[in-house]
Amino acid sequence: MSELLSGWKRSCYCTELKKADVGREVTLMGWTNVRRDLGALIFVQLRDRSGLMQIVFDSSTLSAEDYERASTIRSEFVLAVRGRLVERTGNMVNPNMETGEVEVLVSEFKILSKSETPPIEVDDNCNANELLRLKYRYLDLRRPCMQRNLIMRHKIAHIARNYFDEQGFYEIETPLLTASTPEGARDYLVPSRVHAGGFYALPQSPQLFKQLLMVSGYDRYMQIARCFRDEDLRADRQPDFTQIDMELSFVEADDVMAVNEGFLQRLFKETLNVDVRLPLPRLTWIEAMNRYGSDKPDTRFAMELCDLSSAVKNCGFSVFKNAIEGGGSVRCINAKGASAHISRKEIDALGEWVKTYRAKGLAWINYKAEGIVSPIAKFLTEDEMNEIKRLANAETGDILFIVADNNDTVWASLGNLRLRVAEKLNLIPKNQYNLLWVTEFPLLEWSEEDERFVAKHHPFTMPMDEDLDKLDSDPGAVRAKAYDIVLNGVEIGGGSIRIHSSVLQEKMFKVLGFTKEQAWKRFGFLLEAFKYGTPPHGGLAYGLDRLAMLICETQNIRDVIAFPKVQSAACPLTGAPYGVDKKQLDELHIRCVTEEE
């Protein structure tokens with residue numbers, strides 16, 4: 001039977017004890033990590049959230065009854081031990097343990113809880129599949145690497161709260177039960193028991209409420225905010241996630257970026273001891289797309305896109321000529337020195353791979369030592385080939401990968417190919433953190449599915465001043481006062497200056513295809529609020545989960561979330577989502593209709 005604490009108090013965590021503490025009487029509590037029984041001595045590695053401490057049960061200093069109890073200890077038993085800290089000498093010192101120079105000689109102990117054999121190893125070398133790890137997440141979270149991740153996540157949130165408090169921000173909670181505003185990702189809906197047929201929505205972000213807080217005069221708001229989006233999952237997405245959210249009044253884009261640069265500088269110094277030089281680089285959206293084929297470029301390596309359109313606009317290769325005449329372009333990346341590392345078979349495989357980004361194919365020129373090898377050389381004149389070589393700065397040993405299509409397809413295919421080739425050639429440096437801003441995004445993008453313009457970010461983003469007159473005449477050409485912060489090719493946060501005029505906001509809804517009645521039905525509370533004195537304002541939100549993932553240097557966002565969902569948005573631990581009793585459905589005025597019905 002498990003024993004009770006009965007007044008025992010832990011004196012410290014395991015790794016707080018150092019060689020200077022030798023001789024001290026201590027009380028430790030934790031889990032059995034590893035146990036070794038040498039007959040007259042039993043060695044146990046005790047594990048708590050700080051790390052490991054070796055504790056020693058000596059048959060010559062314990063009663064026979066206590067030593068017999070100690071012999072029953074197994075992995076993951078929960079122990080409380082009292083004893084004296086002693087020095088480990090000679091070959092007993094363990095240089096691989098933080099506490100490897102000391103151990104605790106046990107005088108008293110309690111077995112607080114026993115454990116069956118765990119279904120997964122509680123060890124950083126655990127090779128259990130992820131689904132099993134998530135089913136037994138409470139065991140998985142005992143592993144030191146997982147504890148380090150969640151402790152780092154706590155530290156990020158703590159730094160954010162401290163920094164923004166110092167900058168004059170108030171932390172204010174916004175509602176989790178709110179109105180559905182289905183413009184963007186799908187909402188999670190919550191039925192109302194009191195209002196039959198009525199539904200709340202879980203917030204995709206605190207966007208509208210934080211803008212209302214600016215109308216209310218709070219000037220600077222921040223929140224570690226829970227958000228929900230019913231969308232298809234990827235490695236860096238979850239249905240419920242956390243934002244470091246903020247909004248500021250009487251600001252322009254430069255002001256928002258400046259306060260956030262200070263936050264990032266402190267964050268990287270206090271978490272990774274990395275010095276971030278300010279100000280951060282900035283690229284406009286169009287410059288990022290033209291140079292990197294991505295609005296979240298990884299600038300740790302070169303291999304920028306090169307526009308070859310001027311060299312091939314009159315060439316005899318119809319694929320190139322037709323793309324240019326259709327308003328598209330012909331662009332390439334130069335994989336320097338790739339000729340020795342990428343085979344013809346691999347080039348063909350890359351040609352198939354870019355088709356996943358809607359490219360019709362991949363042209364290439366391989367500058368081998370024995371001469372040029374290329375399936376398109378026969379269609380081009382010597383002058384055209386020379387001009388391509390000059391524009392791409394190509395030399396012997398390089399391979400040019402070329403895509404011709406509309407600009408969106410060219411950017412997407414070459415931007416992703418750039419990353420794939422860089423990984424293949426091992427061009428991406430480790431332990432380097434490149435932060436930059438991407439600005440001046442398109443305000444709108446055309447949706448073929450809806451046959452209308454939709455907001456690139458959200459409908460509350462302010463157009464750039466010089467593009468306001470284009471909202472009526474050329475909406476697709478309007479740029480936004482929007483900005484994303486990018487780290488090593490991953491967007492970690494995004495924001496914008498907001499519309500603060502009810503007239504302009506109504507006009508924006510009209511461009512998006514809303515009637516005036518629809519706009520007021522969905523967003524009337526915001527439009528009404530804007531009538532009563534609204535300051536210019538803007539903000540930004542970081543994905544805390546994604547930021548933690550990058551700082552912890554893991555590839556999976558689930559590694560920094562205590563209880564995550566899998567790709568199907570299910571929870572292996574609890575089994576959610578699952579059906580509920582008919583009584584509950586009746587109270588909520590809901591009936592589930594089967595596929596047959």
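The values are calculated or read from the model by the stated rules, or taken from the named source; none is laboratory data. Because the structure is predicted, anything quoted here is derived from the model rather than measured. A quick note on method: Cβ atoms are made from the backbone with ideal geometry, for glycine too, and the neighbour counts reach across all protein chains shown. Just so you know, the surface numbers come from the protein's heavy atoms only, side chains and all, with ligands and any DNA or RNA stripped out. Shrake-Rupley method; radii C 1.70, N 1.55, O 1.52, S 1.80 Å.
With a 1.4 Å probe and every protein chain left in place, work out the accessible area per residue of the chain in Å², rounded to a whole number.
50
Assuming a ≥ b ≥ c are the square roots of the Cα gyration tensor eigenvalues, decide whether region 237-368 counts as rounded (a/c under 1.5), prolate (otherwise, with a/b larger than b/c) or oblate.
prolate
If you wrap the chain's Cα atoms in a convex hull and average its projection over all directions, what's the area in nm²?
Result: 38.0 nm².
Below 8 Å between Cα atoms, with a sequence gap of 6+, how large is the relative contact order for region 231-322 in percent?
Normalised by residue count, the contact order of region 231-322 is 11 percent.
Return the tail of the calculated pair distribution for region 44-136, meaning the percent of Cα-Cα pairs more than 20 Å apart.
Result for the distance tail: 47 percent.
I'd like the trypsin sites (Lys or Arg not before Pro) in region 4-53 restricted to DSSP loop residues with at most 11 other Cβ atoms within 10 Å, sorted by number.
K9
With a ≥ b ≥ c the root eigenvalues of the C-alpha gyration tensor of region 77-232, is it rounded (a/c under 1.5), prolate (a/b larger than b/c) or oblate?
Because a/c hits 1.5 or more and a/b exceeds b/c, region 77-232 counts as prolate.
Once you charge only the Cβ atoms, +1 for Lys and Arg and -1 for Asp and Glu, what is the size of the charge dipole of region 213-254 about its Cα centre, to the nearest 20 debye?
So the magnitude is around 160 debye.
Roughly how big is region 177-316's charge dipole about its Cα centre, with Cβ charges of +1 (Lys, Arg) and -1 (Asp, Glu), in debye to the nearest 20?
240
Might you report the magnitude of the Cβ-based charge dipole of the chain about its Cα centre, with Lys and Arg at +1 and Asp and Glu at -1, to the nearest 20 debye?
980
Within the chain, what whole-number % of the accessible surface is contributed by carbon and sulfur, with the 1.4 Å probe and all protein chains included in the calculation?
In the chain, the share of accessible area belonging to carbon and sulfur is 49 percent.
Using the membrane-span-like helix rule (whole DSSP H runs, Cα extent along the own axis of at least 24 Å, mean Kyte-Doolittle hydropathy at least -0.5), which helices of the chain qualify?
Long hydrophobic helices here: 253-272, 407-424.
Can you list the lysines whose alpha carbon is less than 20 Å from that of K135, not counting same-chain residues fewer than 8 positions off?
The qualifying lysines are K565.
Classify region 309-376 as rounded, prolate or oblate, taking a ≥ b ≥ c as the square roots of the eigenvalues of its Cα gyration tensor: rounded when a/c is under 1.5, otherwise prolate if a/b is larger than b/c and oblate if not.
oblate
Take peptides 204-214, 365-375, 188-198 and line them up by average Cβ neighbours within 10 Å, highest first, as a rough protection proxy.
Ranked from most to least packed, the peptides come out as 204-214, 365-375, 188-198.
In percent, what relative contact order does the chain have, based on Cα pairs under 8 Å that are 6 or more apart in sequence?
For the chain, the relative contact order is 13 percent.
Given the -39500 (n - 2.57) contribution per DSSP H run of 4+ residues, what per-residue ellipticity at 222 nm results for the chain, rounded to the nearest 500 deg cm²/dmol?
Mean residue ellipticity at 222 nm (helix-derived): -8500 deg cm²/dmol.
Taking every DSSP beta bridge that has both residues in the chain, what percent is antiparallel when rounded to the nearest 5?
Close to 95 percent.
Charges on Cβ only, +1 for Lys and Arg, -1 for Asp and Glu, centred on the Cα centroid of region 98-250; of L189, T99, Q211, which one is farthest towards the dipole's positive end?
Looking along the dipole axis, the top candidate is L189.
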